[in-house]
């Protein structure tokens, strides 16, 4: 793909093929991009964002050369291109799946100034994170706070029976309870990230 | 339920890299096409993240999670964030929104007194409650008295009504008895009348008219009144009267027998009868003459009476004058 860049016309053609309505097409574009990033991440590709964009560029190029997306299943075209890129990545990748990153090892700090500095930095980040977390918890509706408190901290997270009882008490199915807890945590994360960015 | 669990285990194994290439591609093709399936994957990923953050993943899964996720800086941050959240949540105080409202707002420590003692109420509320209670009690007492009064009134009215009904019944019975009596009297009168009618019919006289119209009409005459003037007796003859009965009062000598001759205003004889005998009517001596009314036209009449003595000689016994009128 060297020498080819995504032009405005090619992007426009891609969006048109995703959906005639430009706003809907932009939404589908973002959804696809998100899924592609997850795909590459779940497959252990460290440059997941880069590979997601490369997938989109490649699809756009093919469309500009005359290919067409299937109206019933346009994402299949993207997936096919992504799998090919993944295989190419494995052939070239230094960080193959299954190997731990050194960043995980935070405990071995004895006598290392760099490590001590990193730990202090991590401690300050954590304090900032906690402050933002408390602020964001206060902004959440009490029902949402109560739900995630029940779901994550009361009892074993892997206790299905306990989760089922909690769901029944709240007049929800187990699936609905999990979805709601996930959504509330996502809102909380977004709030915290925004708070952290504002604090920097 | 079992399928649900099997699906969740499959997704977990996909995320932890425990599936074959073919199985992975099958899942990936599905989540690219199915938004709900994709959301379930994201939820499962977050479940693993939180479970790792809480330190409850089994060792093998923990190591796989670290190899698959913690190689990414943003995932490490997310795990730290999850860890912070899980540490902070137990410290957060929040009311149970799913508990019934009556038990939600009061902290457990304040509920040391039983509800019926009212000690858990403020003084103002206690006073208000007592006032309301008094009003309710007073209202109940008033209702009791009012009910008793109305009951008495009702009983009285019922008794009065019963008495009135009894009187009406008695009156009605009396009226019925009277009506029955009158009816019986009427029946008796009718029977008597029928009997009389039968009697009259048997005697040959048809009472075509009610008893007010007599078959014979009588007139008492005295002798010596002059025809044409003064006080001549008049006799009105109804059309259905068959006979006019004339009672001639005798004032002179007595004779063995008499002869009567009736003359109209023209002097013409219209009727006569001989061999008449005198009879006593109380203290008077009278001769009774029954003259058919068909012979009596409306006119002035003279009735000459002659007597026959014992020796056979005929002598004037008197003249009687009257007028016949036709109705």
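The values are calculated or read from the model by the stated rules, or taken from the named source; none is laboratory data. What you are looking at is a predicted structure, and each value in this text was computed from that prediction instead of being measured. Ideal geometry is used to build each Cβ from the backbone, glycine not excepted, and the neighbour counts take in all protein chains shown.
Working only within region B:35-72, note down all residues that are at pLDDT 90 or above and loosely packed, with under 13 Cβ neighbours inside 10 Å.
Matches in region B:35-72: B:35, B:36, B:58, B:59, B:60.
Given the options A:194, A:160, A:200, name the one that is at negative phi, surrounded by fewer than 15 Cβ atoms within 10 Å (Cβ to Cβ) and at pLDDT 90 or above.
Answer to the selection: A:194.
Kindly provide the set of residues from region B:296-314 that are more than 23 Å from residue B:238 (Cβ to Cβ) and surrounded by fewer than 13 Cβ atoms within 10 Å (Cβ to Cβ), ordered by number.
B:310, B:311, B:312, B:313, B:314, listed by residue number.
What residue, among those in region B:1-15 that are within 10 Å of another protein chain (Cβ to nearest Cβ) and touching a residue at least 12 places away in the same chain (Cβ under 8 Å), is farthest from residue A:151 (Cα to Cα)?
Only one residue tops the list, namely B:14.
Could we say that residue B:30 is in contact with a helix residue (DSSP H, G or I) (Cβ under 6 Å, 6 or more places away or on another chain), loosely packed, with under 14 Cβ neighbours inside 10 Å and more than 8 Å from chain A (Cβ to nearest Cβ) here?
Against the criterion (in contact with a helix residue (DSSP H, G or I) (Cβ under 6 Å, 6 or more places away or on another chain), loosely packed, with under 14 Cβ neighbours inside 10 Å and more than 8 Å from chain A (Cβ to nearest Cβ)), residue B:30 qualifies.
Do we have any residue at all in region B:148-157 that's exposed (fewer than 10 other Cβ atoms within 10 Å of the Cβ), on the phi < 0 side of the Ramachandran plot and at pLDDT below 85?
No, every residue in region B:148-157 fails to be exposed (fewer than 10 other Cβ atoms within 10 Å of the Cβ), on the phi < 0 side of the Ramachandran plot and at pLDDT below 85.
Applying the selection to region B:258-277, what residues are surrounded by fewer than 16 Cβ atoms within 10 Å (Cβ to Cβ), touching a strand residue (DSSP E or B) at 6+ places or on another chain (Cβ under 7 Å) and in a loop (DSSP other than H, G, I, E, B)?
Across region B:258-277, the qualifying residues are B:265, B:277.
Residues in region A:11-32: is at least one outside any helix (DSSP H, G or I), touching a helix residue (DSSP H, G or I) at 6+ places or on another chain (Cβ under 8 Å), modelled with pLDDT under 90 and within 12 Å of chain B (Cβ to nearest Cβ)?
Within region A:11-32, none of the residues are outside any helix (DSSP H, G or I), touching a helix residue (DSSP H, G or I) at 6+ places or on another chain (Cβ under 8 Å), modelled with pLDDT under 90 and within 12 Å of chain B (Cβ to nearest Cβ).
Within region B:254-269, is there a residue that is in contact (Cβ under 8 Å) with a residue 60 or more places away in the chain and closer than 21 Å to residue B:224 by Cβ?
Yes, the conditions are met somewhere in region B:254-269.
Only one of these is at pLDDT below 90, part of a helix (DSSP H, G or I) and not assigned by TED's automatic domain parsing to the domain that holds residue B:17: B:99, B:103. Name it.
None of the others qualify; the one that does is B:103.
Looking at (1) closer than 30 Å to residue B:292 by Cβ; (2) modelled with pLDDT of 85 or more, which is the only condition residue B:201 fails?
It is condition (2) that residue B:201 fails.
Of the conditions (1) out of contact with any helix residue (DSSP H, G or I) (no Cβ under 9 Å at 6 or more places or on another chain); (2) touching a residue at least 24 places away in the same chain (Cβ under 8 Å), residue A:45 fails just one. Which one is it?
It fails just one condition, (1).
Would you mind stating whether residue A:184 is facing another protein chain (nearest Cβ under 7 Å) and modelled with pLDDT of 90 or more?
Here the answer is no, as residue A:184 does not meet what is asked.
Name the residues in region A:9-27 that are in contact (Cβ under 8 Å) with a residue 40 or more places away in the chain and surrounded by 13 or more Cβ atoms within 10 Å (Cβ to Cβ), would you?
To start, the set of residues in region A:9-27 that are in contact (Cβ under 8 Å) with a residue 40 or more places away in the chain comprises A:9-11, A:13-14, A:17-18.
Result: A:10, A:11, A:13, A:14, A:17, A:18.
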